[in-house]
2 protein chains.
Amino acid sequence: MTNDLRLTLPIERGLDEEIRALMQRLGADAVRNLDGTELPDWVIDESAKVYATYFCARGDEEWASLAGEERVRQFLMSTPTTAPSSAPLTINVMEGYLPAQFAPDPTADINRYWQVIDRTTGKTLPHESWSVVDAAPLPLRDPVRLVGELPVEAKSAIVTIANPEPFHVYTVNFLAKQIWDSTQIYNYLTNEWAKDPNRVKSRPYDVAYPRTWERVQSSLSQWLQSHPEVDVVRFTTFFYHFTLTFDDRAREKYVDWFGYSASVSVPALEDFAKEYGYALTPEDFVDAGYYNSPFRPPRAQFLDWVDFLSRRVSRQAQTLVKTVHDAGREAMMFLGDNWIGTEPYGRYFSEIGLDAVVGSVGSAATCRMISDIPGVRYTEGRFLPYFFPDVFSPGGDPVAEANESWLAARRAIVRSPLDRIGYGGYLSLAMKFPDFIDRVEEIINEFRQIHQRSGGHRPANAQPVIGILNAWGALRTWQTHMVAHALWYKQIYSYQGVIESLAGLPFEVRFISFDEVINDPHALAGIDVIINAGARGTAFSGGPAWNDITLQERLRAFVYAGGGLIGVGSPTARDGEVGTTFALADVFGVDQEIGWGLSTDRYSDHAASSHFITTDIPQPYDFGEDPGDIVSLGAKVLYESDGSIRLAVNEFGQGRAVYCAGLPYTSDNSRLLHRALVWAAKQEKNWDHVLASSNSAVEVAWYPQQGCYYAYNNTLESVTSMISGHGLCVELALQPMEGRWGEISDAS
Amino acid sequence: MTNDLRLTLPIERGLDEEIRALMQRLGADAVRNLDGTELPDWVIDESAKVYATYFCARGDEEWASLAGEERVRQFLMSTPTTAPSSAPLTINVMEGYLPAQFAPDPTADINRYWQVIDRTTGKTLPHESWSVVDAAPLPLRDPVRLVGELPVEAKSAIVTIANPEPFHVYTVNFLAKQIWDSTQIYNYLTNEWAKDPNRVKSRPYDVAYPRTWERVQSSLSQWLQSHPEVDVVRFTTFFYHFTLTFDDRAREKYVDWFGYSASVSVPALEDFAKEYGYALTPEDFVDAGYYNSPFRPPRAQFLDWVDFLSRRVSRQAQTLVKTVHDAGREAMMFLGDNWIGTEPYGRYFSEIGLDAVVGSVGSAATCRMISDIPGVRYTEGRFLPYFFPDVFSPGGDPVAEANESWLAARRAIVRSPLDRIGYGGYLSLAMKFPDFIDRVEEIINEFRQIHQRSGGHRPANAQPVIGILNAWGALRTWQTHMVAHALWYKQIYSYQGVIESLAGLPFEVRFISFDEVINDPHALAGIDVIINAGARGTAFSGGPAWNDITLQERLRAFVYAGGGLIGVGSPTARDGEVGTTFALADVFGVDQEIGWGLSTDRYSDHAASSHFITTDIPQPYDFGEDPGDIVSLGAKVLYESDGSIRLAVNEFGQGRAVYCAGLPYTSDNSRLLHRALVWAAKQEKNWDHVLASSNSAVEVAWYPQQGCYYAYNNTLESVTSMISGHGLCVELALQPMEGRWGEISDAS
């Protein structure tokens, strides 16, 4: 996909002439439909490539009816219930769930796939002590308007614990059939699809069942035959949706973009047990209600399941992709919805053999998450805003959203270009906003220019190579600290800013897991600065991982020998009565006070004058959420507020460490991180003549092979900045959002 | 001590006529000296009682010289040191300590009383792997001006670890001799005593050594004989100072008003081992550097030591008190300095047989800590400000400090009267501030009036009986959440406000330990509302205690049956992967989000209209420090900010629970707590006609037996309040700080 147009537009039936003119004007070389729209016939005759959305795990309602037991399954935990006495305790397992989404499955072996747990003691009850009976579905509360009537498959079940311990809390882990696709529920709720009598609710099926897998394969072959106009099969996606659960008022109840909850089935669990030598329990998925959130220090059983499932998904996806290729088409994967198990940065992804990946760009980090995927020929970013009525209606400001999206994405695109950009939704809606169309035209042209002027080269990286160290490592490349795709959460933005900054900074970034460091003495080779960022007790800062002695030893040795270490939030924090909260408190020269050390007086040694790291960072600083009280163990304190250290530096042997309370993404914080990385790597001497844009609002990319540079204003204000490096020193005045190309030979 | 004057003044030599006139004017019926002042001769002829400060563990420098090995000991932890290689690692154990305060004691059995710990693994090194040699004392850094020259006993020691593990962190727990009294160091630093060439530094000795104990007894007898003018021996105090350690710059390094670190000796440790059947290790005291802070969930070994030592202290103190009584004098104990082991709320205190306790009043809670002490004939509060140059000098505002102290203390005095008040310091200094003397005269008269009008009765309590539930129970009655005596710490004020409020509210308050609830099914009998308040993981909220199933069961049963539960901060928080952070999340209807549950969507059910608890509490509320994100599990939310619940109520069975993020002491927060207690106890119907002052700045005490009430303005503003109850309903306009007595029969 090397032509220069690089734009995909969603089109639909109707408005034929307007759409053709718009395609011409914007230079779209590909078109696509989406769930719920059909491509017009005329498109086949045009030169544009045709993408078609293809669903592997839903949409074949004939099959969904025929193979009603082959639905996708999910382990759910009932609402915790406290026994007020030893009288029999009944739990209606569907309480709090949307009865249109799930139905309990008591046909599976209850002894293996249902579990009653006393959450007060943590013990699983013996099966003899409880029983389960079918029950009528709980009525829809108020969401009928939004999701329509209850499907016929809806039902519930009641578990009775014969003789509970008084005042213990009980839950039922139960296997549920998913009777309605999660993304479709989202669409019903967002776009009021319940009002459309022609809509059919998709019931997801599972390729873990051999008959379904046969059907999915043959359906694809037939579909390819009947859709000769399609050039690119856009798999949306493969087999298992990320965890997205709705509550009894049709509100989102649980969302984990990385969640594997909806990937279970009896056949797969049985295969797993054979292959791994042990059987997974419902609790291995339910995880006390945390459902193996990526913030949880991952447990071995869950990692095994991820490995098992992604191997399985890759092999089955490979078969479908081969079918597509055999039919002379391209295979593209949408990175979202049913992407679970594909793991683009995992061990098995390349086996799938995809031509391309497309994903939604919500930030620089999610852009890099797409553009850095190894082993595909091209990547495409679906830009925001989506052409949906939530934005494209009176009161919406699609231009502002387009600008925000572009400013975030451009930082990433400069460093690691997407090959294409595209849009999604209803083009007819967007066409009602001509200023939006104008802005899209500018954006796509700027995007094309980046490809043209860079000559396909990446801009030069600066010296320190960065390693992001957490429990997940490469598997979650550019995917740290995320709950729902690219959404803001109070508890994550202070850490997401780290990878959001890095996604646009001129450094090579690697993602390393604790296990790699523990198992491989050379895991840190080639890395100059390690970053450990996150809240206390999470997989990203580490939690129990830091009780590993080898991990501590290797990190200390790394810094002592001259490496850099940057901690953000509660780095290396672990529980335990061991004298410090941070395992590497000695390296950072700071620790976290958790209430046991209040008797120790704390004195901060403040840096005497301005420090390299904060040289051009204006106060007030923004360190985001307070991670808890940080106290000095000897670091030089650069900033302290509310009695807590927010920024401090320390020397440890030949190396350096930086502690920072949090780094929400802002231009200034990106600059602060940039400087901290350079300082931690002892590269500050090179700052002035290699890297600098004097104004942190402006970033600059150097293309030595092309003899040019690209300077871009990341803000909505007009700004001026001195750009210096590679012998150049020039002052640029940039319009809001402007990106400007210059020749390095234009030296002043 | 039932005369009506109730005032003790510190007097000194010189200014004889002025002092006599002042005693007359203020009505002082007792006088005292203090450390460093002598009583004038004329005082013996006056009618006032004479108190004399008496030191049991220091001051006899002749003995201190004769018995140089019988100094008080303390286990200290050396500064943690990271081994950069396996080469021998040397640690100078005194690094970071004030060489004038401690000297390592390598004469004790090194194998038992010194310990080298690998803090990375937590393991104690075998004794063969390290050695210790004497070393010269580290030089005083810059504090010579403040503390004078180094004592001759000063020295250090160097520990060499022969073959450390590279990049492990090591500490030495070492037995140190205390070669200078802690309070005296404080006085040197505060009052620049080093400038006075006549000062002698006190070297503390330990009555654990039989010879010293003999000497202390005989010294007291002799002293009593040679001081016939003394009526009251004011023990300051007995044998062991609270933990107060200084660093190498003569700054406070560690302070724990409850600390037992300076109570160890080889004889006592040996006796302990015989009596309890196991030997304590240095680490049992060092506690990874936390030194058994009261915020630490207490460990069994430490509780054993507290029990052992307080039994021992009580018995030895009893002997001294008997000597005082046999000489026809009274024995008074100062609650501070060397008070460790007396434990006024412990099991052995009454055995001492004291006549009185005097203590410094820093707040309402510390006032109640003194006035509620059982088993003494009278109590005296030493009021602030202390007559020291830090306040009584140009720029100081002693009147403002006196007002603040009085407003805080008065709330407590009304509920549980001190018998006397007194002042400390240099009267000559105070006499230079005539407006301060005027204010003292007003305060002492108001104090006397409370005694006269109340007729010795306590005001009526309102109905709910309150139980404060934490790890310490009654032993720390009115002593929760305190680090240094009555000082403000960022991490405690949000919880201290709870007991500070209660100290002036009309409720019976009991302090109960988790162990009592666990061991005694009737421990909660008679209690209407339980409060569990504190930061996560501390002894006050509970931490690991909440893993006890019985504790959970009994609290749930208590509330379910109709009891009230109020949680402040992180109540019932415990670590563990058990689904909720709060053990009683089901009772509170809220939980603390620690990062693992971000995927769960949280919806708060806000109370529809105003709630009883917040009826007359003006916004903005002040909940103090953020305890972390609190999310709803079904409670009615009364207030939420920054995405976190700050105040919520829940029903559980027949009972009620209230969650509150924090309660710094303010009049409004005291009112809020008052209301929350009444609501939790389902007593809100009685509010209007029993308890009410319409303005939270004004509190009212009812004396039904006397037919009167006392209404007092807790602020520095003029205020108006409706006072209603006992058939009375009257509007009062009160001057700043005014307290007014009225007859209940004055019904409107």
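The values are calculated or read from the model by the stated rules, or taken from the named source; none is laboratory data. Just so we're clear, the structure is a prediction, and the values are computed from it rather than from any experiment. Heads up, the Cβs are rebuilt from the backbone with ideal geometry, glycines too, and the neighbour counts pull from every protein chain shown. Surface areas here come from the heavy atoms of the whole protein model, side chains and all, with no ligands, DNA or RNA. Shrake-Rupley method; radii C 1.70, N 1.55, O 1.52, S 1.80 Å.
A few notes on this one:
- Residues listed by number, the stretch A:151-171, amide nitrogen under 14 Å from A:Ser131 label point at 7 Å toward C-beta: A:158-163
- Entries of A:Lys123/A:Lys177; B:Lys177/B:Lys253; B:Lys155/B:Lys177; A:Lys253/A:Lys490 with Cα pairs more than 21 Å apart: A:Lys123/A:Lys177
- Residues whose amide H falls under 5 Å from that of A:Gly362, counting only those 5 or more places apart or on a different chain, are A:Cys367, with hydrogens built in the peptide plane.
- Multiplying the residue separation of A:Glu717 and A:Ser745 by 0.36 nm and removing their Cα-Cα distance gives an extension gain of 7.3 nm.
- Distances between copies at A:Asp390, taken between label points 7 Å from Cα along the C-beta direction, are 5.7 nm in increasing order.
- Placing a label point 7 Å from the Cα of A:Ser86 along the Cα-to-Cβ direction, the residues of the stretch A:145-176 whose backbone N falls under 18 Å of that point are A:161-170.
- q = 0.10, 0.11, 0.12 Å⁻¹: log10 I(q)/I(0) that the Debye formula gives for chain B, counting C-alpha atoms only: -1.09, -1.28, -1.44
- Gained length - A:Ala733 relative to A:Glu18, 0.36 nm times residue gap less alpha-carbon distance: 253.6 nm
- Expressed in Å, the radius of gyration and Dmax of the Cα atoms of the stretch A:231-364 are 15.8, 48.
- Anisotropy class of the stretch A:466-690 from Cα gyration tensor, a/c 1.5 cut: rounded
- Candidate lysines for bridging to B:Lys685, where Cα separation is under 24 Å - those fewer than 8 sequence places away on the same chain excluded: B:Lys636
- Contact-buried residues of the stretch A:82-96, at a threshold of 10 Å² lost accessible area versus the chain by itself: A:Thr82, A:Pro84 (1.4 Å probe; DNA, RNA and ligands ignored).
- Residue-wise HN-Hα couplings along the stretch A:595-604, as the Karplus relation 6.51 cos²θ - 1.76 cosθ + 1.60 with θ = phi - 60° gives them from phi, are x, 8, x, 4, 6, 7, 6, 10, 10, 9 Hz; Gly and Pro carry x.
- Interface B-A: total buried accessible area of about 4900 Å², 1.4 Å probe, protein heavy atoms only.
- Portion, in percent, of the accessible area of the stretch B:457-598 that falls on carbon or sulfur, probe 1.4 Å: 51
- Of all DSSP-defined beta bridges confined to the protein assembly as shown, some 60% are antiparallel rather than parallel.
- At least 27 Å along the helix axis (C-alpha) and Kyte average at least -0.5, DSSP helices within chain B: B:300-326
- Counting Cα-Cα pairs of the protein assembly as shown in 10 Å increments starting at 0 gives whole-percent bin shares of 1, 7, 13, 17, 18, 16, 12, 8, 5, 2, 1, 0, 0.
- Probe 1.4 Å - accessible area at B:Asp626, Å² to nearest ten: 80
- As a calculated quantity, the FRET efficiency between B:Asp642 and B:Leu487 at R0 = 22 Å, using C-beta atoms, amounts to about 0.20.
- Within the stretch B:194-223: backbone nitrogen closer than 15 Å to the B:Leu66 label point (7 Å, Cα to C-beta): B:205-207, B:209-223
- Under the simplified labelling scheme, the B:Val200-B:Ser218 pair shows an inter-label distance of 1.8 nm, with each label point 7 Å from Cα along Cα→Cβ.
- Accessible carbon and sulfur surface of the stretch B:698-743 relative to its total accessible area, %, 1.4 Å: 50
- Placing +1 on the Cβ of every Lys and Arg and -1 on the Cβ of every Asp and Glu, with no other charges, gives the protein assembly as shown a dipole of roughly 1000 debye about its Cα centre.
- Occluded residues from the stretch B:533-553, i.e. those whose accessible area drops by 30 Å² or more once the chain is not alone (1.4 Å probe): B:Arg536, B:Ile549, B:Glu553
- Burial of 30 Å² or greater, the stretch A:220-267 residues [accessible area, probe 1.4 Å, versus chain by itself]: A:Arg251, A:Glu252, A:Lys253, A:Tyr254
- The modelled label-to-label distance between B:Ala608 and A:Ala561, using points 7 Å beyond Cα along the C-beta direction, is 6.9 nm.
- Innermost chain B residue relative to the axis carrying B onto A, by Cβ distance in angstrom: B:Asp575, 3
- For A:Asn461, inter-copy separations between label points set 7 Å beyond Cα along the Cβ vector come to 7.0 nm, shortest first.
- In straight-distance terms, cross-link reach from B:Lys432 covers every one of the lysines whose alpha-carbon lies under 29 Å from its own, apart from those fewer than eight places away in the same chain; here that gives B:Lys49, B:Lys195.
- Given charges at beta-carbon only (K, R positive; D, E negative), |dipole| of chain B in Debye: 660
- Spin-label pair A:Asp4/A:His227, simplified geometry with 7 Å Cα→Cβ offset, distance in nm: 3.2
- For chain B: accessible area per residue (Å², 1.4 Å): 34
- Across the copies of the chain, A:Glu404 has label points (7 Å from Cα along Cα→Cβ) spaced 4.6 nm apart, shortest distance listed first.
- Of the chymotrypsin sites (Phe, Trp or Tyr not before Pro) in the stretch A:210-319, the ones in a loop by DSSP (not H, G, I, E or B) with at most 16 other beta carbons within 10 Å are A:Tyr278.
- Evaluated on the stretch B:698-743, the Kirkwood hydrodynamic radius is 10.6 Å, with distances taken between all distinct Cα atoms.
- Computed E for A:Glu508/B:Asp109 - FRET, C-beta separation, R0 51 angstrom, nearest 0.05: 0.35
- Volume of the convex hull of the stretch A:90-222 (Cα atoms only), normalised per residue: 144 Å³.
- Sorted largest first by accessible area at a 1.4 angstrom probe radius, with every protein chain in place, the residues B:Ser261, A:Ser609 fall in the order A:Ser609, B:Ser261.
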